[in-house]
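Visitor: Mind having a look at this structure? Questions to follow.
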Amino acid sequence: MWEKEVKPVPPGPEAVEDLEQSAEAKAVAADAAKSDAELGKLAADLDELRQTLLRRQADFDNYRKRIEKERAEDSRRATARVIEGFIPVIDGFEQALAVHSDAAHENYRKGFELIYRQLLENVAKLGAERIDPLGKPFDPHLHQAMDRTETEDHADGTILQVFQPGYVFHGRVLRPAMVRVAVHPGEASKEAVN
C-alpha cells in the first residue's frame, strides 16, 4: 500500500497576501482599539481637569470676595476708632463754646465755632451720625438714661433733655446719647414699690 505522501502546498502569492492583509487588519484593529481606549482616557482626564479648573476659579472668586469684605470691615473699624477719638474733642469744643459767651471773647469764639463746625463736618463725611434725640421716645439701644423726671406734660418715655449727644457709625453705636427721660408719676411710684 502505497500511500501517497501529501505534502502541504505552499500558499500561492495571493493567499500569502490575504494572510498578510488579515494580520495587518488585526494589528490595525488592535491599534485602533488601543487608541480609542487612550482617547477615552484622555477625554476623561480633560473633563476632570476642566472640573478642577472650574472649582479653583470658584474658590478664587469666593476668596477674593471674602478678602474684599474683610478689607471693608477693617476700614470701617479703623474709621470708627478715629471717630471715637474725635468725640471727646467735639465735646470739649461744645463745653468751651457754652462757657465763653462774653463779648470780650467774641473773636476767639468765632474761631472755635469754625473749627468745631469743620470737625463735625469731617466726622460726618467719615460716616458718623450724631444722635440728638430731644423729644423722641427713649430707645435703650441708642440712649442711656441718666435721669428720670416725673411729669404729665410729656408722654411716658419721651426724652426731655440731652446731656451728651450720641454717635452711630454704619449702624453701630459708638456712644449712646446720655438723656433725661419723662416718666408718668403713677408709673414711677409703682416701680419704686415693686
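Visitor: With a ≥ b ≥ c the root eigenvalues of the C-alpha gyration tensor of the stretch 63-163, is it rounded (a/c under 1.5), prolate (a/b larger than b/c) or oblate? Show your work: numbers first, answer last.
Guide: Numbers: a/c = 3.47, a/b = 1.22, b/c = 2.85.
Oblate shape, in that a/c is at least 1.5 and b/c is the bigger or equal ratio.
Visitor: At I115 and M178, where each label point lies 7 Å from the Cα along Cα→Cβ, what is the point-to-point distance in nanometres?
Guide: Label at I115, label at M178, 2.3 nm between them.
Visitor: Continuing with this model, one more query. Using only Cα atoms, what is the ratio of the radius of gyration of the stretch 131-194 to 2.2 N^0.38 Å?
Guide: On the way: Rg = 12.5 Å, N = 64, 2.2 N^0.38 = 10.7 Å.
The stretch 131-194 yields a ratio of 1.17.
Visitor: Sort the following peptides by mean Cβ neighbour count (other Cβ atoms within 10 Å, averaged over residues), highest first: 39-46, 120-127.
Guide: On the way: 39-46: 10.0, 120-127: 13.5.
Result, highest mean Cβ count within 10 Å first: 120-127, 39-46.
Visitor: So how far apart, in nm, are the two label points at R55 and R71 if each is 7 Å from Cα heading toward Cβ?
Guide: Reported label-point gap for R55 and R71 is 2.8 nm.
Values quoted throughout were computed directly from the atomic coordinates according to the rules given, and no laboratory measurement underlies them. Source: prediction; values computed, not measured. Backbone-built Cβ (ideal geometry, glycine too); neighbour counts: all protein chains shown.
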